[in-house]
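Q: Handing you a structure now.
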Amino acid sequence: MNSRVKRLKLYHSPAVRSARVKWLLHELMGDDFDVESVTLHNADQYREEFLVLNPNHAVPVLEIAMEDGKPFHMIESGAMVALLADTFPDRKLAPIPHVLSMERADYLQMLHFGASSMDMMLWQIRIHEDVLSATERDDRTIRRYRRKFAAEVEPQLKERLSRAPFICGAGFSAADCVVGYNVLWAQAFQLCSDAVFRDYVARFSARPAFKAAFSDRHQFTRIVPEECELKKRFTG
Ligand SMILES: N[C@@H](CCC(=O)N[C@@H](CS)C(=O)NCC(=O)O)C(=O)O
């Protein structure tokens, strides 16, 4: 890692999008980074001191502490994954950035597809099924994105995973930390249920870094209780 960087700290909550970054950090650095736990149901992410770090009141936040004492806070998981993978070129979890290659183009495209389009569909299903209050939920939104995900996203992923063991080919890459996480997320909604996805999940779940990142997943509860603080503060 760049010698001007002193320490990395991840603000994290079990089995949500911060797990993408925690997984990659374990792949790259073992346990040599700090984790600060954020309890989403208690609305920790809406506290004043957290909003200074991330005005979008969400995890992950990646704190990059520099040797000169200045910290920088990243607030998008896709950007964190791309940056971290490039910062450790010897780990070979991303095609090298300074050569324009098909592999690099495909890798970035899958990473961003996972962190944007695919993520958006899963998030709409999640909030309308589990998080928003009953009066805010919309069944048409759930149906629209379930249909779109099954008809448009799944076939693309299936085609790739029937050709190769990982999302960008023969080798595991940082894009799998995003797309693989999303496949698990989709499976929680009974999407991505074909054998090709079960085999993909079995392959990446065997990785020690995955096991370390998801060792806290039992703490995640899908249903957000009516009386909890998050319900009162959540903005969608
Ligand atoms: N695009 C962001 C989304 C982060 C995000 O929305 N995180 C959710 C958990 S998966 C969160 O912390 N939500 C809390 C809230 O909005 O109150 C990223 O991927 O980093």
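Read-outs throughout are calculated quantities, based only on the coordinates presented, and are distinct from any laboratory measurement. Nothing here was measured: the structure is a model prediction, and the numbers come from that model. Backbone-built Cβ (ideal geometry, glycine too); neighbour counts: all protein chains shown.
Q: Mind checking the alpha-carbon convex hull of the range 102-207 and giving the volume per residue in Å³?
A: Working: hull volume 9.9 nm³, N = 106.
Output value, Cα hull per residue: 93 Å³.
Q: With a point put 7 Å past each Cα toward its Cβ, work out how far A164 is from L100 in nm, to one decimal.
A: About 2.1 nm separates the two model spin labels.
Q: Something else now. Taking other Cβ within 10 Å of each residue's Cβ, how do E67, E154, E229 sort, fewest first?
A: Working: E67 11, E154 18, E229 15.
In order of increasing Cβ crowding within 10 Å: E67, E229, E154.
Q: Principal axis extents for the chain, Cα atoms only, whole Å, descending order, please.
A: So the three principal-axis extents are 50, 47, 29 Å.
Q: Between A212 and K92, what is the spin-label point distance in nm, taking each point 7 Å from the Cα along the Cα→C-beta axis?
A: If labels sit at A212 and K92, their model points lie 2.0 nm apart.
Q: Where the centroid of each part is defined by its Cα atoms, how far is the range 175-216 from the range 57-119 in Å?
A: Measuring centre to centre over Cα atoms gives 19 Å.
Q: Can you sort T221, T141, T235 so the residue with the fewest Cβ neighbours within 10 Å comes first?
A: T235, T221, T141
Q: Here is a follow-up. Which length gain, in nm to one decimal place, applies between A65 and D194 when the Cα-Cα distance is subtracted from 0.36 nm times their residue separation? All intermediate terms of the calculation are to be shown ahead of the outcome.
A: Values: separation 129, 0.36 × 129 = 46.44 nm, distance 4.26 nm.
Roughly 42.2 nm would be gained on extension.
Q: Next question, about the same structure. Order these by the 10 Å Cβ neighbour count, fewest first: K158, K70, K22.
A: On the way: K158 16, K70 10, K22 28.
Taking fewest neighbouring Cβ atoms as first place, the list is K70, K158, K22.
Q: Right, next: Can you show me the helix-derived [θ] at 222 nm for the chain, built from DSSP H runs with n ≥ 4 at -39,500 (n - 2.57) apiece and divided by the number of residues, rounded to the nearest 500. Don't jump to the answer; show the numbers that get you there.
A: On the way: 11 runs with 106 residues, N = 236.
One gets -13000 deg cm²/dmol as the mean residue ellipticity at 222 nm.
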